[in-house]
2 protein chains.
Amino acid sequence: MHRTHVRVLEDVLDANGTIARANRADFDREGVTVVNLMGSPGAGKTTVLEQVVGSLPGVRVGVLEGDVKGSFDADRIAALHVPVTQINTDPSFGGECHLDANMVRSAVPMLPLAEIDLLVIENVGNLVCPAEFQVGEHARVMVSSVTEGEDKPLKYPLMFRACELVLVNKIDLLPHLDFDLDKFLYHLDAVQPGVTHIELSAKTGEGLDAWQDWLVKAAMRERIPA
Amino acid sequence: MHRTHVRVLEDVLDANGTIARANRADFDREGVTVVNLMGSPGAGKTTVLEQVVGSLPGVRVGVLEGDVKGSFDADRIAALHVPVTQINTDPSFGGECHLDANMVRSAVPMLPLAEIDLLVIENVGNLVCPAEFQVGEHARVMVSSVTEGEDKPLKYPLMFRACELVLVNKIDLLPHLDFDLDKFLYHLDAVQPGVTHIELSAKTGEGLDAWQDWLVKAAMRERIPA
């Protein structure tokens, strides 16, 4: 059973890669840069988006929200007058714990690609499977909250390795936690040497300029790996 | 592709249920009560275990740790001189984001069932798939940290519905968060009316007596649904 399982997974990932390339070709044709935003449930993915998507200088942004159920995050983004599209993995896709390329493909006709420069896809909250399924994105950003503990890069290395940027979020809580930021960064460097990180607090505003700047440069294709 | 996918999932869950029943029969034969402990990465699953497993009056405890990679949590439990067994879902099972009945079955021969009354299985940190895969447990406990936000019961209803007990963890951080506990409990009651919850802080010790008491009664089969 186990070996069959692994083989099925390989086939699934192979098919996913083909559809992801088709998505990426569509995005490139329209000149839209796509960022896949990942992290644990409650890491603050929607909040770090809310802080910047309404005010990126010279960049027109759209958001694609992936959730198992509901449109709570999409409603928060829509309140900022940013175009937002919802995918639910529950009724349509069997309650999946991640977005895959086919789900994103099904949403492409609903995306206003001609009117945006940057599409941020907020993935389902999960540190495992979203890292395994590319969806056609140009870059991956991960939100890791300091409340989650210093050991997370070691426990979920694939997720941390998959990213071009790690947002270390909720740093305003550091005085109240037994969290050693240096230790976290040491673990992060162990699993992905040299990865860019930004220390962020939606509450105090720390790091928001750097995060905004990163997104603007990504939209201009200055930060996108070949 | 989508319909095939759903059908494959149903078959997988059906096979999983058969193996879960075999696991449960083994646990019952040995008189061991099994609790499946679930929650997000960083919710504090290992910490709430550390606080009680070394000192449950009259109950001999064992722990089965499920992680994608590594044995960080198992090492923390072993330091308390509690028997602990590790399952990694990474090399052996293709990087799964949850434990399933077959993984637990593969660990049964390594478990000291004759020497324990209570087995706590710490699942992979994830709010989606662990709720879908029973592993042969008698009860399910979920750890939800107040740092994750009030909306989590609405966004991950299956997980909250699957549990007999919800541990609302890290309540010492409430003064530093925009988290409305009443609102969270209102959402919890909306998705699973009447579920037991304990407000917990490993830092201040609040709620630890109630959590310990719940586990002792579970081990005595006083809290186990038929």
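What follows draws every value from the coordinates through simple rules; no lab data is involved. Predicted model, so just to flag it, every value in this text is computed and none were measured. Note: ideal-geometry Cβ built from the backbone for every residue, glycine included; neighbour counts use all protein chains shown.
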Exceeding the 29 Å Cα-Cα cut-off - candidates A:Lys183/B:Lys155; B:Lys69/B:Lys155; A:Lys45/A:Lys155; A:Lys203/B:Lys155: A:Lys183/B:Lys155
Net charge dipole size for the protein assembly as shown [Lys, Arg +1 and Asp, Glu -1 on Cβ; Debye, nearest 20]: 760
Chain B Cβ-axis minimum, rotational copy A, residue and distance in Å: B:Thr147, 2
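Over chain A, what is the relative contact order in percent, taking alpha-carbon pairs closer than 8 angstrom and at least six residues apart? Let's see the in-between values first.
Numbers: 417 pairs, mean separation 54.2, N = 226.
That works out to 24 percent.
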Equivalent ellipsoid semi-axes - Cα gyration tensor, the stretch A:37-100, angstrom: 22, 12, 10
Sequence ranges A:137-149, A:12-24, ranked by mean other-Cβ count within 10 angstrom, highest first: A:137-149, A:12-24
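Count, for each residue of B:41-48, the Cβ atoms from other chains sitting within 10 Å of its Cβ, then give me the mean as a whole number.
6
Work out the length of the dipole vector of chain A about its Cα centre, built from +1 on the beta-carbon of each Lys and Arg and -1 on the beta-carbon of each Asp and Glu, and round it to the nearest 20 debye.
Numbers: 20 positive and 33 negative charges, 82 e Å.
So the dipole magnitude of chain A works out to roughly 400 debye.
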Protection proxy ranking, peptides B:35-47, A:112-124, average beta carbon neighbours within 10 Å, highest first: B:35-47, A:112-124
Shielding of B:146-159 by partner chains, average beta-carbon count, 10 Å: 5
Cα-only radius of gyration and Dmax that characterise chain B, units Å: 17.0, 53
Qualifying GluC sites (Glu not before Pro) for the stretch A:1-90 [loop in DSSP, other Cβ within 10 Å: at most 14]: none
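In peptide B:125-137, how many Cβ atoms from other protein chains are near each Cβ within 10 Å, on average?
Working: counts 9, 9, 8, 13, 7, 1, 2, 3, 0, 0, 0, 0, 0.
Per-residue shielding by partner chains comes out at 4.
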Positive-end residue, the protein assembly as shown charge dipole about Cα centroid, Cβ charges, pick of A:Ala43, B:Leu208, A:Gly70: A:Gly70
Residue-wise HN-Hα coupling along the stretch B:72-87, computed from phi with Karplus coefficients 6.51, -1.76, 1.60 (Hz; x: Gly, Pro): 4, 6, 4, 5, 5, 6, 4, 4, 8, 6, 9, x, 9, 10, 10, 10
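Can you tell me the relative contact order of the stretch B:46-94? Whole percent, Cα pairs under 8 Å, sequence separation 6 or more.
40
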Gyration tensor (alpha-carbon) shape descriptor, the stretch B:129-226, a/c threshold 1.5: oblate
Inter-copy label distances at A:Met220 (7 Å, Cα→Cβ; nm, one decimal): 6.9
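May I ask you to sort B:His176, B:His187, A:His81 by Cβ crowding, counting other Cβ atoms within 10 Å and putting the fewest first? Don't skip to the answer; put the middle values down first.
Values: B:His176 16, B:His187 20, A:His81 9.
So the ranking, lowest neighbour count to highest, is A:His81, B:His176, B:His187.
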Label geometry 7 Å along the beta-carbon vector: B:Ser106 inter-copy distances in nm: 3.1
Euclidean distance between Cα centres, the stretch B:153-197 to the stretch A:174-209, Å: 27
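Calculate for chain B the 222 nm mean residue ellipticity that helices alone would give, adding -39,500 (n - 2.57) per DSSP H run of length 4 or more and normalising by residue count, nearest 500 deg cm²/dmol. Let's see the in-between values first.
Details: 8 runs with 80 residues, N = 226.
Using -39500 (n - 2.57) per qualifying helix, the result is -10500 deg cm²/dmol.
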Top positive-direction residue, dipole computed over the protein assembly as shown with Cβ charges, set A:Met103, B:Val82, B:Tyr156: A:Met103
In sequence order, calculated HN-Hα J values of the stretch A:55-62 (Karplus, 6.51, -1.76, 1.60; Hz; x Gly/Pro): 9, 8, x, x, 10, 8, 10, x
